[in-house]
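The values are calculated or read from the model by the stated rules, or taken from the named source; none is laboratory data. As the structure is a prediction and not an experimental result, all values here were calculated from the model. Glycine gets a Cβ as well: all are built from the backbone with ideal geometry, and neighbour counts include every protein chain shown. When the accessible area is computed, the model is the full protein with side chains, heavy atoms only, and any ligands, DNA or RNA have been set aside. Shrake-Rupley method; radii C 1.70, N 1.55, O 1.52, S 1.80 Å.
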Amino acid sequence: MAYQNEKLPEEKVFKDPVHRYIHVRDRVIWDVINTREFQRLRRIRQLGTTYLVFHGAEHSRFQHSLGVYEIMRRIIDTGFSGREEWDEDQRLVALCAALLHDLGHGPFSHAFEKVFNLDHEQFTQQILLEQTEVHEVLSRVALDFPQKVADVIAKTYPDKLVVSLISSQIDADRMDYLQRDAYYTGVSYGHFDMERILRVMRPTEDQVVIKDSGMHAVEDYIMSRYQMYWQVYFHPVSRSAEVILIKILHRARHLYETGYSFAQEPFHFISFFEKEFKLKQYIALDESVLLMYFQLWMDESDPILADLCDRFVNRRLFQYAEFDPASQYMKFGELVGLFHEAGLDPEYYLVTDSSSDLPYDFYRPGEENERVPIYLQMKNGDLRELSRMSDVVDAISGKRRTDHKIYYPEDRLVNGNPLHDKILELLKG
């Protein structure tokens, strides 16, 4: 039997709190799961610094990736199989893309990417295409199979339907992370009727569409996503922890570049500081490595690095206030001067941060990062864009919401000194 069609002698199952069970029968999927690159995802948290706000949010990219695979498997095997519009030859590439879509995430994901100007999707593709265990497994299917999976993740794969199943405004990725993140954070916002959505999903040549009878389930899904972003993903305390994490890495890089003598040499970071790292060095990094360095750096002689690491490890986070740098730049300039006078380096202790989200959008040709909208399939077969049929979705369509904050160490500004009082007055005024 060809490897791509080989089944396990007995189905493997993972007990999962969100989907109850995750089913694996394909030999390829089982072998991919057991590669070192995929197992590394156990050591990367799904929600980065959010565990410092919602103590249950310790779940990993490994769990999420299995969940996305399971949703994709159900869409294909119970919803699309046998339908004229679905090409059964695309099944394995779709399942592998779902399982591996987050393979290239680094420790603390987006924060790490910001510091070193990285793109986790590019690393995902590198892991698929270079000499890795994952590449070796996928190559057993066919020599061009790793490239096919990489093309799905890069959104360049010729079968647009397959791409839409993993990357669109209603896809397997979002349906898993909303429910999984809601479960582990303990909030109710991310719950929606996924069973109903899976029943009304239909394949077309270019993308997945939704039967019109499922419109209200999709409305619930869109609103769940909207609420999760503002109540969980953009939580200001989680952002405070991320700000400190970013500043730790900035400080460590600055010290290295200026010849500082570390008590604990940052061996794992040197290639990143020098912008000469290889894929092997990237894969070697996970959150346990970063946290080990942060613990050691609490004892460094550099007071800024030591303080920032102590703040992150022991959750002594920055306070925050509403602050729009575009309209309050004069105030920011004044604050920078006052921080210098107070003996606090504003580069590390006065940080503005913005979060922005567009909960749903319709097609706007020529715009950057344009989104393909969700279509409803009417009884006569016609397709109608969701916001034109739903008053609920129309109310938030195309409306980008942005939130600005300024972060600072309030514990260093509470000693009654007139200068400190003036700083706090500006920050909170």
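Axis angle, to the nearest 10 degrees, between helix 120-129 and the longest C-alpha principal axis of the chain: 50 degrees. With respect to the chain, whose longest principal axis is taken over its alpha-carbon atoms, helix 329-341 is tilted by about 50°. Charge tally for E205 (other residues, Cβ to Cβ under 14 Å; Lys, Arg +1; Asp, Glu -1): -2. Relative to the Cα centre, the charge distribution of the stretch 242-317, modelled as +1 at Lys and Arg Cβ and -1 at Asp and Glu Cβ, gives a dipole magnitude of about 220 debye.
Mean residue ellipticity at 222 nm, helices only, the chain: -13500 deg cm²/dmol; runs of at least 4 DSSP H residues each add -39,500 (n - 2.57), and the sum is divided by the number of residues. Which entry in (1) 23.7, 80; (2) 21.7, 69; (3) 23.7, 94 matches Rg and Dmax of the Cα atoms in Å derived from the coordinates of this structure? Identified label for the calculated read-out: (1). Computed with a 1.4 Å probe over protein heavy atoms only, the accessible area of M292 comes to about 90 Å².
Taking a straight line from the alpha carbon of K114, these lysines sit under 27 Å away, with near neighbours fewer than eight places off in the same chain left out: K155, K247, K275, K278, K280, K331, K399, K405.
The protection proxy used here, the mean number of other Cβ atoms lying within 10 Å of each residue, ranks peptides 319-330, 341-352, 59-70 as follows, highest first: 59-70, 341-352, 319-330.
What is the percent carbon and sulfur in the accessible area of the stretch 3-233, measuring with a 1.4 Å probe over the protein chains and ignoring ligands? List each step's numbers first, then the result.
Working: 3930 of 9180 Å².
Carbon with sulfur: 43 percent of the solvent-accessible area.
With contacts taken as Cα pairs under 8 Å and at least 6 residues apart, the stretch 242-317 reaches a relative contact order of 39 percent.
First compute the accessible area of the stretch 242-317 with a 1.4 Å probe, then give the percent of it belonging to carbon and sulfur atoms.
On the way: 1780 of 3530 Å².
Of all accessible area on the stretch 242-317, carbon and sulfur atoms account for 51 percent.
Straight Cα distances below 13 angstrom link K12 to the aspartates and glutamates D26, D31, E70, with same-chain residues fewer than 8 positions distant left out. In the context of the full set of protein chains, the stretch 272-429 has a per residue accessible area of 54 Å² (1.4 Å probe). Each part gets one Cα centre, and for the stretch 238-292 versus the stretch 387-414 those centres are 30 Å apart.
Taking every protein chain into account, the 1.4 Å probe leaves S224 with about 0 Å² of accessible area, to the nearest ten.
Packing-wise, with mean Cβ within 10 Å as the measure, how do 226-235, 296-305 rank, highest first?
Working: 226-235: 19.0, 296-305: 16.5.
Result, highest mean Cβ count within 10 Å first: 226-235, 296-305.
Restricting the stretch 108-210 to GluC sites (Glu not before Pro) that sit in a DSSP loop and have at most 15 other Cβ atoms within 10 Å of their own Cβ leaves E130, E205.
Find the accessible area per residue for the stretch 16-66; the probe is 1.4 Å, ligands and nucleic acids are left out, and the unit is Å².
On the way: 1870 Å² over 51 residues.
Accessible area per residue, the stretch 16-66: 37 Å².
Starting with the highest mean, order 97-110, 2-15, 151-164, 241-254 by the number of other Cβ atoms within 10 Å, averaged over the residues of each peptide.
The packing order, highest mean first, is 97-110, 241-254, 151-164, 2-15.
Please report the relative contact order for the chain, taking Cα pairs under 8 Å with a sequence separation of at least 6, and give it as a percent rounded to a whole number. List each step's numbers first, then the result.
Working: 621 pairs, mean separation 62.0, N = 429.
Result for the chain is 14 percent.
Straight-line cross-link reach from K379 at under 25 Å between alpha-carbon atoms covers these lysines, not counting any fewer than eight positions away in the same chain: K160, K211.
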